[in-house]
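Right, one structure below, let's go through it.
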Amino acid sequence: MFKITITDTQQVHKILPKQWQVVGQEEKLSEFGEDGKTCMHNVYDYTPQVEALVEETRAILVQEVETLNLAAVIKAVNGLE
């Protein structure tokens with residue numbers, strides 16, 4: 001059995017979603033009861049939304065066949081028939 005998959009790949013402008021990530025560090029008093037000692041803590045925030053050029057691939061046709069004439073498939077894909 002053969003599986004024929006035809007895909008289409010395009011570059012599309014998309015707005016990437018915000019992401020929650022570490023943007024810096026700040027010094028805070030220790031949480032362990034040690035007087036006057038400080039330690040560094042990560043500061044989290046959302047990144048801004050950014051427009052990016054993304055390559056998007058989608059399946060146009062997926063077909064399973066018992067026999068395959070490879071020459072006919074190549075001609076059909078290249079528009080020679």
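Given the residues Glu34, Glu81, which is the only one that is surrounded by 10 or more Cβ atoms within 10 Å (Cβ to Cβ), modelled with pLDDT under 85 and part of a loop (DSSP other than H, G, I, E, B)? Let's see the steps before the verdict.
Working: Glu81 fails: surrounded by 10 or more Cβ atoms within 10 Å (Cβ to Cβ).
Sole residue among the options that is surrounded by 10 or more Cβ atoms within 10 Å (Cβ to Cβ), modelled with pLDDT under 85 and part of a loop (DSSP other than H, G, I, E, B): Glu34.
For region 47-60, state whether one or more residues are of a type outside the set (Val, Ile, Thr), at pLDDT below 85 and surrounded by 10 or more Cβ atoms within 10 Å (Cβ to Cβ).
Checked region 47-60: no residue is of a type outside the set (Val, Ile, Thr), at pLDDT below 85 and surrounded by 10 or more Cβ atoms within 10 Å (Cβ to Cβ).
Here's a check for you: in region 4-25, which residue that is aliphatic (A, V, I, L, M) and under 30 Å from Val77 (Cα atoms) is surrounded by the fewest Cβ atoms within 10 Å (Cβ to Cβ)?
Step one: filter region 4-25 for residues aliphatic (A, V, I, L, M), giving 4, 6, 12, 15-16, 22-23.
Keeping just the survivors that are under 30 Å from Val77 (Cα atoms) gives 4, 6, 12.
Numbers: Ile4: 13, Ile6: 12, Val12: 9.
Looking at residues that are aliphatic (A, V, I, L, M) and under 30 Å from Val77 (Cα atoms), I get Val12.
Kindly establish whether Val73 is touching a strand residue (DSSP E or B) at 6+ places or on another chain (Cβ under 8 Å), assigned to a strand (DSSP E or B) and of a type in the set (A, V, I, L, M, F, W, C).
Numbers: touching a strand residue (DSSP E or B) at 6+ places or on another chain (Cβ under 8 Å): yes; assigned to a strand (DSSP E or B): no; of a type in the set (A, V, I, L, M, F, W, C): yes.
The answer is no for Val73.
The values are calculated or read from the model by the stated rules, or taken from the named source; none is laboratory data. Fair warning: this is a prediction, and the values are worked out from it, not measured in the lab. Positions of Cβ are backbone-derived with ideal geometry, glycine not excepted, and every protein chain shown enters the neighbour counts.
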